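Novice: One structure is given below, represented as structure tokens, and several questions about it will come after.
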Amino acid sequence: ALLDFSKALEIVDYNSFRTIGDIGYLRFDLKEYAASFEIFNKLEKGGVDIGVKYMKAISAYYLEEYEIAIQGFNNSILFHHNEGNWLGEEGETKACYYRANSKLKLNKYEEAIKDYDIVISRAYSPFYALAHYERGLAKKSLNKPFVSDFYKSCELGYGIACFVDSSKEVAIKLPKPTSVWKTSVK
């Protein structure tokens with residue numbers, strides 16, 4: 001597919017924006033994040049395409065360029081939806097999740113917690129269990145109560161939350177999720 005897109009660009013310049021974007025997606029799928037970032041960075045300049053801004057941000061995230069990723073996610077998350085050019089709720093939730101992870105990696109715990117709160121408030125999110133666990137990590141770093149987030153993550157099926165605390169220094173065995181439910185009712 002990559003060769004076909006490249007050949008299409010050689011033959012005719014028609015709709016080159018979309019073709020170059022497709023090459024960027026392919027590079028990303030091939031885990032060639034530096035190439036993907038370069039492509040979406042060029043496409044973003046002067047443009048308003050939210051998908052391009054998101055792909056630049058997620059490429060930066062995988063390159064561990066967290067400050068650039070945060071800025072990109074900020075540019076791709078539009079909660080006002082005025083332009084009609086937005087990621088949709090699922091896309092915004094995903095962007096909030098990765099923005100929170102970027103903040104967590106940079107020890108911006110309070111900011112990360114706010115983004116995890118957004119992800120958790122959208123219960124359909126595929127990141128629901130992970131967001132609870134990672135919010136727990138941020139809370140633990142701030143010496144705030146965090147165990148309830150680990151319990152919830154465990155209950156939702158994220159295994160590491162059931163057996164190991166966030167520092168990975170002490171192995172702990174949390175109660176079975178059914179026991180947690182019974183305890184919380186009492």
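The values are calculated or read from the model by the stated rules, or taken from the named source; none is laboratory data. It should be emphasised that the depicted structure is a prediction, and the values quoted were computed from it without experimental measurement. Using ideal geometry, Cβ is built from the backbone for each residue, glycine included, and neighbour counts are taken over all protein chains shown. For the accessible areas, the whole protein counts, side chains as well, though only heavy atoms, and no ligand, DNA or RNA atoms are used. Shrake-Rupley method; radii C 1.70, N 1.55, O 1.52, S 1.80 Å.
Novice: Looking only at helices (runs of 4 or more DSSP H) that lie completely in region 1-93, which have at least 2 residues being farther than 21 Å from LYS108 by Cβ and at pLDDT 90 or above?
Specialist: Ranges flagged: 16-29, 33-44, 50-62.
Novice: Could you grab me the full set of residues in region 106-155 that are within 24 Å of ALA60 (Cα to Cα), open to solvent by 20 Å² or more (accessible area, probe 1.4 Å) and part of a loop (DSSP other than H, G, I, E, B)?
Specialist: Of everything in region 106-155, those that are within 24 Å of ALA60 (Cα to Cα), open to solvent by 20 Å² or more (accessible area, probe 1.4 Å) and part of a loop (DSSP other than H, G, I, E, B) turn out to be LEU106, ASN107, LYS108, PRO126, PHE127.
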